[in-house]
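Remarks on the structure that follows.
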Amino acid sequence: MQTITTRRIPFEFPEDIEPYWKADMPEWCAFLNGLSLTMPYLEPFLIRSVREAAESITDERIKADAKSFIEQEAQHFSQHRKFNELLKRKGYEGLANIETEMEVSYKKLDTKSLRRRMAYTSGFETMTLGLTRFLVDKRCWLFRDADPRIASLMLWHIVEEAEHKNVAIDVYRAACPGYLSWAYGLFHGSFHVIFYSIKGARFMLKQDGMWKLKNKLAFAGLMASFAATWFPILVRSLLPGHHPSKILDPEWVGEWVQEYHDNEGIPLLDTHHDQIPARFT
């Protein structure tokens, strides 16, 4: 079991950051920008669900992990909100319409049963196991020569997703267990977030005249690469009785954690290095 550490990192998002922060992969930038757009709506929902579920749990370890989960997720969405506001100031004011849709969607989800909400929460958190593997293992392709401030934000976030990967499913199983509901939540949580991420990406690319055939093919290639990484983890996760702790994290994740332990501050990575090592500049 990993230690869950709350890191209050003072990321900065000045006006010189470009919306396409990796110039040779605008489709990838647009997708991660779209994913970032979901965070101030998704993660407060996850927090509300876990907080309510934890109230009925007597296992002190799980309750403590739930508290740490909430603290980490609160840091995540606050940082992403700052980045999202920058994107809107950069000429993408229309993203606010997608934010309004998400706000309505998550308010509707808030009316569902705790089992349904926790199934969504633990299902989405399971999906991040594949996202962690994808971002870390393919970081040189996805972040090489990218703006280190955005690459560092995204990789910090995914490291902490790995740290608390066990929490949501432990809370779900302790508070409102049920395999079929959880399996439904895995697909619901995953594809709900992916849907809005793609919607945000499509808005940006279309506004900038980059939603043509070659861009669509590049975007589809990215999604296929992610699916190839995610699908085997999805299959393992769907096995009854499976637990996220059985899926090993990439070594780079542990190296990042140790580097932060030794050098607290803003964890800016060297995206010009061939391997993008877990060392901070």
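A few remarks follow.
- Selection status of residue 281, β-branched (Val, Ile, Thr), more than 30 Å from residue 101 (Cβ to Cβ) and either touching a Cys at 6+ places or on another chain (Cβ under 6 Å) or modelled with pLDDT under 95 (or both): yes
- For segment 42-56, the criterion of a residue being acidic (Asp, Glu), closer than 26 Å to residue 194 by Cβ and assigned to a loop (DSSP other than H, G, I, E, B) is satisfied by no position.
- If you go through segment 57-87 and keep only what is among the charged types (D, E, K, R), in a helix (DSSP H, G or I) and over 20 Å from the mean Cα position of the chain (by Cα), you end up with 60, 61, 63.
- Pair list, Cβ under 9 Å, 6 or more apart: segment 251-269 residue under 15 Å from residue 12 (Cβ atoms), other residue in a loop (DSSP other than H, G, I, E, B) and among the acidic types (Asp, Glu): 266/12
- For segment 250-260, residues that are crowded, with 20+ Cβ neighbours inside 10 Å and among the acidic types (Asp, Glu) total 0.
- Qualifying residue in segment 50-62 (condition: over 30 Å from residue 151 (Cβ atoms), free of Cβ contacts under 8 Å to residues at least 12 places away in the same chain and of a type in the set (Ser, Thr, Tyr)): yes
Residue-by-condition table, conditions (1) under 27 Å from residue 215 (Cβ atoms); (2) out of contact with any helix residue (DSSP H, G or I) (no Cβ under 8 Å at 6 or more places or on another chain):
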residue: 25; (1), (2): yes, no
residue: 28; (1), (2): yes, no
residue: 41; (1), (2): yes, no
residue: 57; (1), (2): no, no
residue: 60; (1), (2): no, yes
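- Residues located in segment 1-34, provided they are small (Gly, Ala, Ser), crowded, with 20+ Cβ neighbours inside 10 Å and over 14 Å from the mean Cα position of the chain (by Cα): 30
- Within segment 35-69, considering residues that are surrounded by 16 or more Cβ atoms within 10 Å (Cβ to Cβ) and of a type in the set (Asp, Glu), the one nearest to residue 157 (Cα to Cα): 43
- Helices (runs of 4 or more DSSP H) within segment 133-225 that include 2 or more residues among the charged types (D, E, K, R) and within 16 Å of the chain's Cα centre (by Cα): 148-163
- Filtering segment 134-154 to residues that are crowded, with 21+ Cβ neighbours inside 10 Å, closer than 15 Å to residue 21 by Cβ and touching a Phe, Trp or Tyr at 6+ places or on another chain (Cβ under 7 Å) leaves 142, 146, 150, 151, 153.
- Residue 29 meets all of the listed conditions (1) assigned to a loop (DSSP other than H, G, I, E, B); (2) closer than 28 Å to residue 223 by Cα; (3) not aromatic (Phe, Trp, Tyr) but one, namely (1).
- Contacts under 8 angstrom Cβ, first residue in segment 237-250 being within 16 Å of residue 177 (Cβ to Cβ), partner of a type in the set (Lys, Arg) and modelled with pLDDT of 95 or more, 6 or more apart: 244/165
- Residue match in segment 205-212 (condition: at pLDDT below 95 and either surrounded by fewer than 17 Cβ atoms within 10 Å (Cβ to Cβ) or of a type outside the set (Asp, Glu) (or both)): no
- Residue 12 meets each of the listed conditions (1) of a type in the set (D, E, K, R); (2) assigned to a loop (DSSP other than H, G, I, E, B); (3) without any contact (Cβ under 8 Å) to a residue 24 or more places away in the chain apart from (3).
The values are calculated or read from the model by the stated rules, or taken from the named source; none is laboratory data. If you're wondering where the values come from, they're calculated on a predicted model, not measured in any experiment. Heads up, the Cβs are rebuilt from the backbone with ideal geometry, glycines too, and the neighbour counts pull from every protein chain shown.
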